[in-house]
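The values are calculated or read from the model by the stated rules, or taken from the named source; none is laboratory data. Nothing here was measured: the structure is a model prediction, and the numbers come from that model. Note: ideal-geometry Cβ built from the backbone for every residue, glycine included; neighbour counts use all protein chains shown. We work out accessible area using only protein heavy atoms, side chains counted, and drop any ligands, DNA or RNA first. Shrake-Rupley method; radii C 1.70, N 1.55, O 1.52, S 1.80 Å.
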Amino acid sequence: MNIIVVGIGKVGYTVAEQLTQENHDVTIIDIDEGVVNDTLQDIDVIGVIGNGAVSKTLIGAGIDTCDMLIALTGSDELNIITCLLAKNLGAQNTIARVRNLEYSNDLKIIKDSLGLTMAVNPEKEAAAEIQRILKFPIARNVTFFGHDQVDILSFVANKNCSLTDKAIKDSFSRLKTQALACAVERGDDIFIPTGDFVIKENDTIAVLTPTATAPEFFKQIGLRAHGIKNIMIIGGGMIAMYLAKSLSHINVNTTIVEKDIEKAKTLSEMFPKINIVHGDGTNRSLLLEEGLLEADAFICLTGIDEENIVLSLFAKNVSPKIKTITKVNHTLFREVIKTLNIDSVVYPKFTTANIIIKNVRAIQSGNERTDVQQLTRIINNKVEAIEFEVHEGSALIGKTLSELNIRRNVLLGSITRGKKVIIPKGSDSLRAGDTVVVVTSTERLSRLDDILE
């Protein structure tokens, strides 16, 4: 596909990079000449310097042959104008980043009235990811599939975990809940495990399980977690606002520490049920005074990665049982970060890129919809989990799974049929209308039938 990305900040760069890895023809537009030139040195794209909300710039970038335009500048209004203009100049599909909390309730109206393929909100998506983690605090990361009926939860197998030092076929067969190990990270290696695979201490495991029985699964493997009742958030930016909006409706005690007095006042007015503290989140005494030792979860959302990391390590040091969640923007030291004593790391730009990649795969050049429903990357962004809808005519229908010649390093992890979740065995088969979750460490799949050799 021919794709134009307007606005090459952290998210724009990541999206452009991943689209080129998927063999799309990408043109980037940015008003900053230095940003364009630096990007051209790093990734194989065409660069255009200019304002993406101007027709002359878009025409010069080839908008008339554009299959998709993605507007990711720092201005919601500029993104909306760019998409509206692009649609009128011939772009087949348009995606706009819309971040403002005030627009969040009107996103569907904006999308439908402007003919957008989608409106994406990185901060809202990051907040949703954090909220999923808070629901299952023992997990590092959590993703919902199958209309929120299926979870993929990643966690570390410690010495107390009953899965450790056992073959998967033995340990999982003893469970009274449905669950499937779908990916394992050991050091720098990634595995799509078979039944004979033996899980070792400190492996990171991604397990697929029905949402309703996920807490019972953790209980059965010896990893119990206390519920989250007290939360401390450092940084009162956009992610904190979206998170606070969700937390204010549930029974948790939340404290937000924000050093900017105007932001603190705004938060206090918006969320009267939440304790807003004006102060420096790096102040040890302040954190202890405001209840760090009583907190069940500590969430670092400042705009400085190093600050978030150090604060999380400090919280873990003074309160070892606390759940730490850290926002990180840059990924250069991702391999180092995963060795630190931080429970969960959220990368907003990856969250956004995954959503966009899912939509790109779901749209063919002829503007026909494929069967991709959802896509996310798990296990340190190294493994893809893709949800497909099974359509009439699929080559997978009419055969049991044991009869299918499925590609190596591809695992069919779950089948959702109405309100029923099936962790499949070889004797199961697919029906039209099912949704299935496929996990792969090597393939970039856009059609369900692509899982077959």
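Could you please let me know if E77 is of a type outside the set (K, R), modelled with pLDDT of 90 or more, open to solvent by 40 Å² or more (accessible area, probe 1.4 Å) and in contact with a Pro (Cβ under 9 Å, 6 or more places away or on another chain)? Give the steps one after another, and end with the answer.
Values: of a type outside the set (K, R): yes; modelled with pLDDT of 90 or more: yes; open to solvent by 40 Å² or more (accessible area, probe 1.4 Å): yes; in contact with a Pro (Cβ under 9 Å, 6 or more places away or on another chain): no.
It is false that E77 is of a type outside the set (K, R), modelled with pLDDT of 90 or more, open to solvent by 40 Å² or more (accessible area, probe 1.4 Å) and in contact with a Pro (Cβ under 9 Å, 6 or more places away or on another chain).
What's the number of the only condition in (1) open to solvent by 60 Å² or more (accessible area, probe 1.4 Å); (2) part of a loop (DSSP other than H, G, I, E, B); (3) without any contact (Cβ under 8 Å) to a residue 60 or more places away in the chain that S402 fails to meet?
Only one criterion is unmet by S402, namely (2).
Against the definition (under 22 Å from A139 (Cα atoms), open to solvent by 30 Å² or more (accessible area, probe 1.4 Å) and not in a helix (DSSP H, G or I)), how does A212 come out, yes or no?
Against the criterion (under 22 Å from A139 (Cα atoms), open to solvent by 30 Å² or more (accessible area, probe 1.4 Å) and not in a helix (DSSP H, G or I)), A212 does not qualify.
Can you tell me how many residues within the range 242-276 are surrounded by fewer than 18 Cβ atoms within 10 Å (Cβ to Cβ), aliphatic (A, V, I, L, M) and touching a helix residue (DSSP H, G or I) at 6+ places or on another chain (Cβ under 6 Å)?
0
Within the range 85-124, count every residue that is closer than 15 Å to T57 by Cβ, open to solvent by 20 Å² or more (accessible area, probe 1.4 Å), assigned to a helix (DSSP H, G or I) and touching a Ser or Thr at 6+ places or on another chain (Cβ under 8 Å).
1
Please work out if L69 is surrounded by 15 or more Cβ atoms within 10 Å (Cβ to Cβ) and aliphatic (A, V, I, L, M). Even if it seems obvious, please write down each step before you answer.
Values: surrounded by 15 or more Cβ atoms within 10 Å (Cβ to Cβ): yes; aliphatic (A, V, I, L, M): yes.
Yes: the conditions hold for L69.
Within the range 287-306, restricting attention to residues that are within 17 Å of F333 (Cβ to Cβ) and free of Cβ contacts under 8 Å to residues at least 60 places away in the same chain, which residue is most open to solvent (accessible area, probe 1.4 Å)?
The residue in question is E306.
Look at the range 215-229 and say how many of its residues are touching a Ser or Thr at 6+ places or on another chain (Cβ under 8 Å) and of a type outside the set (F, W, Y).
Residues flagged as touching a Ser or Thr at 6+ places or on another chain (Cβ under 8 Å) and of a type outside the set (F, W, Y) within the range 215-229 amount to 4.
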